[in-house]
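No lab work stands behind these numbers, since they all come straight from the coordinates. This structure is a prediction, so every number in the text was calculated from the model and none was measured. Here the Cβ positions follow ideal geometry from the backbone for every residue, glycine too, while neighbour counts run over all protein chains shown.
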């Protein structure tokens, strides 16, 4: 039964990849990058063997603890490490719980992240290669550590299955993921400075972490190398007990989750009235705009696009403040314009099979395109203008206002045009309605990233006229060039938007059925 479930996992993976050659290419590239990471980590572990034993032990303990923590916490912020075979879909089959636990554990171990993690964990033996017996112990401890990572991830996913099924929980996950990712740069700089200032405390911190479930198993080889077999035995006992308890808790939580699966909940409470449908006109494009704006307000998948907007000024201000030059804030408006302009790039893909309603009711492609653009414009246009003017005010660069507005408006409107054009023909692998905003199929995220890079490149080329004029205005102190950039940016952007909506609508009319088939394949 275990072998059958593992084969099922790989069969589902292969079937998903054969649907799209791009996903297969993306998976191959992902494996390639994983191999590069593996080689770099192995080289780093080998180099650690030439530094003092105490330092090597500290690095091993802290690195291993971070690895276990990352794997364990991941289910709180996403849909799990590898849900190709989701336990909830197996609830109706009479599979013994012990068999299911073993099958899911092996399945997680054989995924790309699991294989890379296991190889890295086993490669910690290179730190102690000069003492072969300790190296063998390190390999065994690494295997236990890798198993703890996989089991810990599955355990917490099963424990939080019911809680994380609600919409509010998914929105909270979105916030908890997006904010750290956006602020990753400042965080790395801050941690680096702490490393430099408090490097003497690392052995002490590692010593404390070594007595926790996160770092105990990784401390065993270092204890033996330092001549502390008693500590090594205790740490090994803690590590093995952690793995055993995690398996038992996972088994109990999985059994409970399969018997009483969680239900996807809505926002909680009823919504009175028709909402945005009373604001927009009773036309096809108005109806599409009202529905789209309702999604922007309530769908966690759209929330992740909006959360980064207020963080952009904070991020730019951090780097500008660090250098003491606030002129870097002038980039806020154009950056936000690009993000908002391309945010409806996957709008039809987010609709999933609900897009059928547009085809059945005979909504024209042009009305569909205008409705989605109108909904986004309600908040995107004022946000872009306000942030652009605010950056001018903070940096006291009023002479650059016209040129900067030209760049921002040009990028925003041109982004609308490109999104309207591309989303009318191509469907991308995105989370389905009700899924976690960060859930993706193998290779789907990489395919979307490649298409976005190509679109951003096209956006930069199309926005070159206003950008060149604005930069010339800044360099030569000629205000007339800035105002010309504003006129061209707004005028050309509006023209491109009209062309993009018209052309994208025509493409949608001609290929709507094909697009629906692509969306159905992603269910």
Quiz item: Quick one: if you take sqrt(5λ) for each eigenvalue of the C-alpha gyration tensor of region 202-259, what semi-axes come out, biggest first, whole angstrom?
Solution: 30, 12, 6
Quiz item: Can you give the extra length, in nm with one decimal, that the chain gains between residue 450 and residue 208 once fully stretched, where that is 0.36 nm per residue apart less the Cα-Cα distance?
Solution: 82.8 nm
Quiz item: Once the convex hull of the C-alpha atoms of region 476-520 is built, how many Å³ does it hold per residue, rounded to a whole number?
Solution: 78 Å³
Self-check item: Computed lengthening from residue 73 to residue 54, 0.36 nm per intervening residue step minus Cα-Cα distance
Solution: 4.0 nm
Practice problem: Return a whole-number percent for the relative contact order of region 276-521, with Cα pairs under 8 Å and 6 or more residues apart as the contact set. | Solution: 27 percent
Quiz item: What FRET efficiency would be calculated for the residue pair residue 201, residue 226, taking the C-beta separation as r and a Förster radius of 30 Å, to the nearest 0.05?
Solution: 0.95
Quiz item: With each pseudo-label sitting 7 Å past Cα toward Cβ, what's the residue 255-residue 361 distance in nm, one decimal?
Solution: 4.9 nm
Quiz item: For labels at residue 31 and residue 390 in the simple 7 Å Cα→Cβ model, what's the distance in nm?
Solution: 4.7 nm
Practice problem: Compute the whole-percent fraction of alpha carbon pairs in region 276-521 spaced more than 32 Å apart. | Solution: 23 percent
